[in-house]
Amino acid sequence: MTLRSEQSEPGGQQAAAPSAAAQAPAAPASPLASAVAPVVEPDPAVGPAAPDRPLRLVGQADAPAGEAADAAGTSQAGGRPAGPLPEPVRYDVLGVHVSAIDRAGAVALIGDWIARRERKYVCATGVHGVMESQRDPALREIHNRSGLTAPDGMPLVWCARYARMTQTGHVRGPDLMLDVLAAAEKKGWTSYFYGGREGVPELLVNRLRETMPNLAVVGTHSPPFRPLTEAEDEAIVAEINSLAPDLVWVGLSTPKQERWMAEHRDRLDAPVLLGVGAAFDMHAGLVKRAPSWLHNTGLEWVYRLIQEPRRLWRRYFRNNPAFVAGVLRHPPRPLPPPWPEAGA
């Protein structure tokens, strides 16, 4: 099923006009400039820098989500985007290369890709994704070749802290979705929603527009719970490309959505594919979100297990103990650049 909406300006190709101050010869450095050339300074929580004290990367990731979204894709002289934002550093969690980033930094990076029409995909992964990657090397490679593999779950944030990646924040898939869509409404980026049971994407869009009335949505599709035929798959690719969204939201759950994004990345013209899984049902109001006070405790999985015991009990009781044992044997560690070419 396809949902179309009219919009006054084309999405995804708008660049914020430079202000008068930005055109002046003595203009101060823009937020984007500081993001492109981040500086390293001591973490205020631990005092002056020393060899045995963690360093904190200061740059775009520290800006509030709205400011980060404004900075991403802003123009310099001649209306052209400035230099690309640097890829965030990564850290290794049982062979999965997780991006050391926070929500504001993720929004800024996605906005930069849209401004440049760079084709990337985003994984929001937690313990489930890491453990599935232990059993499937191809899935691990998909995570490692993403444009962004966000730490979706406090265990991955704790792993980042162990690896001294103190700039890392908790980037939950449902939160990232709202952050990016808020920027999309402001900047005119267009979205296509792929996934969920029949009727869920349409319900999701209606719910989102209660708080984002100007959100530009060009289409939705609920795929069947079976592998698509070649003809069906080609038809979906043709439809998405004809609608030309800036963002394709994929709600198929892990690991299906990661495989779908990797398989379709080169076939889709949209700059950014985002796998957000359960965020479709959560924001459609079909699944209750955990209370905010639980988000940073590492116990959000207990709340989800209570809600969906028949579906989730096996996942959690298989993966969680194995994850703890794995990181005790192979502690998280920072990764030096370069990483594999992202987005392929």
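Mind telling me which of the residues Arg289, Arg333 ends up being touching a helix residue (DSSP H, G or I) at 6+ places or on another chain (Cβ under 9 Å), of a type in the set (D, E, K, R) and closer than 29 Å to Arg164 by Cα?
Details: Arg289 fails: closer than 29 Å to Arg164 by Cα.
Sole residue among the options that is touching a helix residue (DSSP H, G or I) at 6+ places or on another chain (Cβ under 9 Å), of a type in the set (D, E, K, R) and closer than 29 Å to Arg164 by Cα: Arg333.
Residue-by-condition table, conditions (1) buried (at least 22 other Cβ atoms within 10 Å of the Cβ); (2) over 13 Å from Ile101 (Cβ atoms):
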site	(1), (2)
Glu141	no, yes
Gly153	yes, yes
Ala160	yes, no
Arg164	no, yes
Gly173	yes, yes
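Cβ-Cβ distance below 8 Å, separation of 6 or more or different chains: which pairs start in region 301-320 with a residue that is at pLDDT 85 or above and charged (D, E, K, R) and end on one that is part of a helix (DSSP H, G or I) and surrounded by 11 or more Cβ atoms within 10 Å (Cβ to Cβ)?
Arg315/His128; Arg318/Met131
Residues Pro137, Pro88, Pro155: which one is without any contact (Cβ under 8 Å) to a residue 40 or more places away in the chain and either among the hydroxyl-bearing types (Ser, Thr, Tyr) or out of contact with any His (no Cβ under 9 Å at 6 or more places or on another chain) (or both)?
Working: Pro88 fails: without any contact (Cβ under 8 Å) to a residue 40 or more places away in the chain; Pro155 fails: without any contact (Cβ under 8 Å) to a residue 40 or more places away in the chain.
Testing whether each residue is without any contact (Cβ under 8 Å) to a residue 40 or more places away in the chain and either among the hydroxyl-bearing types (Ser, Thr, Tyr) or out of contact with any His (no Cβ under 9 Å at 6 or more places or on another chain) (or both) leaves just Pro137.
Hey, among Val248, Val218, which residue is surrounded by 18 or more Cβ atoms within 10 Å (Cβ to Cβ), modelled with pLDDT of 95 or more and farther than 29 Å from Val98 by Cα? Quick ask: steps written out before the conclusion?
Values: Val248 fails: farther than 29 Å from Val98 by Cα.
Result of the check over Val248, Val218: Val218.
May I ask you to list the residues in region 288-302 that are hydrophobic (A, V, I, L, M, F, W, C) and either over 17 Å from Leu176 (Cβ atoms) or surrounded by 21 or more Cβ atoms within 10 Å (Cβ to Cβ) (or both)?
Looking only at region 288-302, we keep the residues that are hydrophobic (A, V, I, L, M, F, W, C), and these are 290, 293-294, 299, 301-302.
Once the filter is applied, which keeps residues that are hydrophobic (A, V, I, L, M, F, W, C) and either over 17 Å from Leu176 (Cβ atoms) or surrounded by 21 or more Cβ atoms within 10 Å (Cβ to Cβ) (or both), region 288-302 yields Trp293, Leu294, Leu299, Trp301, Val302.
Out of everything in region 227-251 that is under 15 Å from the mean Cα position of the chain (by Cα) and of a type outside the set (Phe, Trp, Tyr), what residue ends up being nearest to Glu198 (Cα to Cα)? Lay out the reasoning, then the answer.
To start, the set of residues in region 227-251 that are under 15 Å from the mean Cα position of the chain (by Cα) comprises 246-251.
Subsequent filtering for residues that are of a type outside the set (Phe, Trp, Tyr) retains 246-248, 250-251.
Numbers: Asp246: 23, Leu247: 21, Val248: 17, Val250: 14, Gly251: 12 Å.
So the residue we want is Gly251.
Kindly indicate the residue of region 186-215 that is surrounded by fewer than 18 Cβ atoms within 10 Å (Cβ to Cβ) and of a type in the set (Lys, Arg) and also farthest from His283 (Cα to Cα) among those meeting that condition.
In this case the residue turns out to be Lys186.
Of all the residues that make up region 273-289, how many are assigned to a helix (DSSP H, G or I) and not aromatic (Phe, Trp, Tyr)?
Initial filter on region 273-289 (assigned to a helix (DSSP H, G or I)): 279-283.
From what is left, the residues that are not aromatic (Phe, Trp, Tyr) are 279, 281-283.
Matching residues across region 273-289 total 4.
Report the residue count in region 213-272 for those that are among the hydrophobic types (A, V, I, L, M, F, W, C) and in a strand (DSSP E or B). Explain how you work it out, then say what you get.
Start the filter on region 213-272 by keeping residues that are among the hydrophobic types (A, V, I, L, M, F, W, C), which leaves 215-218, 225, 228, 231, 235-238, 240, 243-244, 247-250, 252, 260-262, 268, 270, 272.
Going one step further and asking which of them are in a strand (DSSP E or B), we end up with 216-218, 247-250, 272.
Final tally of qualifying residues: 8.
Answer yes if at least one residue in region 204-218 is of a type outside the set (S, T, N, Q), free of Cβ contacts under 8 Å to residues at least 60 places away in the same chain, farther than 16 Å from Gly147 by Cβ and touching a strand residue (DSSP E or B) at 6+ places or on another chain (Cβ under 9 Å), and no otherwise.
yes
Taking region 247-261, which residues are within 16 Å of Val237 (Cβ to Cβ) and of a type in the set (D, E, K, R)?
The one that is within 16 Å of Val237 (Cβ to Cβ) and of a type in the set (D, E, K, R): Arg259.
The values are calculated or read from the model by the stated rules, or taken from the named source; none is laboratory data. Everything numeric here is computed off the predicted structure, so don't read it as measured data. Note that each Cβ is placed from the backbone with ideal geometry, even for glycine, and that neighbours are counted across all protein chains shown.
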